[in-house]
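Okay, so here's the structure we're looking at.
No value in this document is a laboratory result; all are computed from the given coordinates. Bear in mind that the values here come from a model prediction, so they are computed numbers and not experimental data. Reconstructed Cβ throughout: ideal geometry from the backbone, glycine too, with neighbour counts over all protein chains shown.
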Amino acid sequence: MLPITEKVYKLGIVDWDRTLFDAFVPTPQGTSYNSYLVKGKDKTVLIDTSEPKFKKEYLAQLKDVKTIDYIITNHAEQDHSGCLPFVLDKYPKAKIITNAKAKTFLLDLLHLDDDQFIVIQDGETFSIGDKTFEFIFAPWVHWPETMFTYLQEDKILFTCDLFGAHLATSSLFSDDKHSTYLAAKRYYSEIMMPFRKNIQKYIKKIDSMAVDYIAPSHGPVHNDPQFILNAYKKWTSDSPKNLVILPYISMHGSVRGMVNFLADELIKRKINIEIFNLEIKEIGDVATALVDAATIVVGSPTVYTNAHPVVVYYTYFFNMQRLKTKFFTSIGSYNWATQTPKTLNEIVQNSRFEILPDVHIKGILKKEDFDKLINLANIIEEKHKSLGLL
């Protein structure tokens with residue numbers, strides 16, 4: 001256990017080897033499952049637990065803890081709640097403190113008994129003598145039962161998944177700002193971005209509080225809360241940057257040629273670009289760029305008259321993320337017929353993108369096709385100017 005303040009400790013597991021989260025999010029820097037122990041004058045409180053795969057290693061960290069009276073659960077997902085049954089086996093008199101919706105989820109996900117719970121309300125406080133816990137409901141960040149716990153005397157805000165990072169590190173605090181920023185932005189882009197409107201509200205609430213530490217459930221503790229809060233204010237803002245991302249698949253080179261030509265035309269117009277060959281790039285790389293992008297131009301060959309399956313997968317992901325991106329279109333090539341632009345536009349129909357004219361060519365690039373791409377670059381330039389990005 002590592003001390004954050006007097007009688008408040010971080011424990012949990014550093015998972016150096018985890019390479020995939022939620023069966024689709026790559027975690028090239030591993031992750032951690034943070035848990036926190038608060039030793040009060042009268043009682044001892046555990047905040048969240050850990051991934052059940054690490055039951056043995058997690059319980060070993062509690063070997064010198066004689067009593068746990070309460071376990072606060074901020075979020076029911078198993079990487080934070082999975083060791084609850086094992087902790088309760090070790091400390092059978094402990095009670096779980098959480099909200100009503102989280103209780104329902106925990107009963108669904110784990111073998112727990114109804115009488116093991118204390119259900120609290122939004123804004124309620126709970127005292128163990130010299131330590132006072134305040135509970136702040138934060139639904140849809142990123143599940144509907146999510147809440148924060150604020151330790152008033154120590155000014156520590158325990159936020160579970162929010163403000164976290166998939167980053168395996170031996171450091172207690174986020175002193176390495178560069179690596180933490182990159183990991184936290186990637187984490188935000190993959191997991192939190194669909195909830196950015198809600199996050200904006202919670203940041204305003206946190207700004208009104210006295211917070212010295214933000215303690216998330218993944219990655220290091222933030223002993224400089226403004227560092228992560230300011231980053232999130234940028235990421236969750238409604239204003240994109242002067243950036244076009246070009247994710248693409250090319251089977252025989254035609255789409256790659258279109259992407260490269262369009263990229264050069266955009267650069268001439270002082271528009272920043274990021275190109276992603278989806279054969280080799282991870283979804284986390286693309287997601288991180290999506291945080292800031294004003295425009296997405298997807299490049300796809302036609303496979304059996306429709307979009308390439310990999311491009312369909314990524315476009316579906318774009319639609320999930322509720323981006324602040326303003327414009328969307330596609331480019332590509334086909335031979336006898338194509339439904340590609342229609343399919344891709346339908347996939348993103350709930351994203352409120354303005355759909356720009358697509359460019360899908362027959363065969364290899366010809367002079368008239370270059371002209372169409374130049375016209376698309378001109379349209380994108382005008383759209384970025386209309387937003388004040390150029």
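Data table
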| item | result |
| --- | --- |
| Residue among Pro26, Ala231, Phe105 farthest towards the positive dipole end of the stretch 2-236, charges placed on Cβ | Ala231 |
| Packing-based order for 217-225, 167-175, 139-147, using average beta carbon neighbours within 10 Å, highest first | 217-225, 139-147, 167-175 |
| The stretch 306-390: projected area of the alpha-carbon convex hull, averaged over directions, in nm² | 5.9 nm² |
| Cβ-based charge dipole, the stretch 2-236, positive-most Cα from Leu84, Leu151, Pro220 | Pro220 |
| Kirkwood Rh, angstrom, the stretch 31-170 [1 / mean 1/r, Cα pairs] | 15.1 Å |
| Among Leu323, Thr295, Phe137 the positive-end extreme of the charge dipole of the chain (Cβ point charges) | Thr295 |
| Segment Leu107-Lys7, extension gain: residue separation times 0.36 nm, minus the distance between their alpha carbons | 32.9 nm |
| Dipole moment magnitude, nearest 20 debye, the stretch 245-386 about Cα centre, only Lys, Arg, Asp, Glu C-beta charged | 240 debye |
| Calculated [θ] (222 nm, deg cm²/dmol) that DSSP helices of n ≥ 4 give over the chain, each run adding -39,500 (n - 2.57) | -9500 deg cm²/dmol |
| Assigned charges on the beta-carbon of Lys, Arg, Asp, Glu; the chain dipole about Cα centre (debye) | 760 debye |
| Over 31 Å (Cα to Cα) - which of Lys204/Lys326; Lys7/Lys56; Lys93/Lys205; Lys177/Lys204 fall in this group | Lys93/Lys205 |
| Answer label, with Cα Rg over 2.2 N^0.38 Å calculated from the coordinates and candidates (i) 0.98; (ii) 1.06; (iii) 1.13 | (iii) |
| Segments 68-79, 22-33 sorted - mean Cβ within 10 Å per residue, highest first | 68-79, 22-33 |
| Set of aspartates and glutamates with alpha-carbon distance to Lys53 below 12 Å, sequence-local pairs under 8 removed | Asp15, Asp79 |
| Dipole magnitude (debye, nearest 20) for the stretch 212-320, charges at Cβ of Lys, Arg, Asp, Glu | 320 debye |
| Order by protection proxy (mean Cβ within 10 Å, highest first), peptides 247-259, 114-126 | 247-259, 114-126 |
| Label-point separation, Lys155 to Lys90 (7 Å along Cα→Cβ), nm | 3.2 nm |
| Virtual spin-label span in nm between Asn345 and Glu57, 7 Å along Cα→Cβ | 5.1 nm |
| Gap separating the Cα centres of the stretch 97-169 and the stretch 241-297, nearest whole Å | 40 Å |
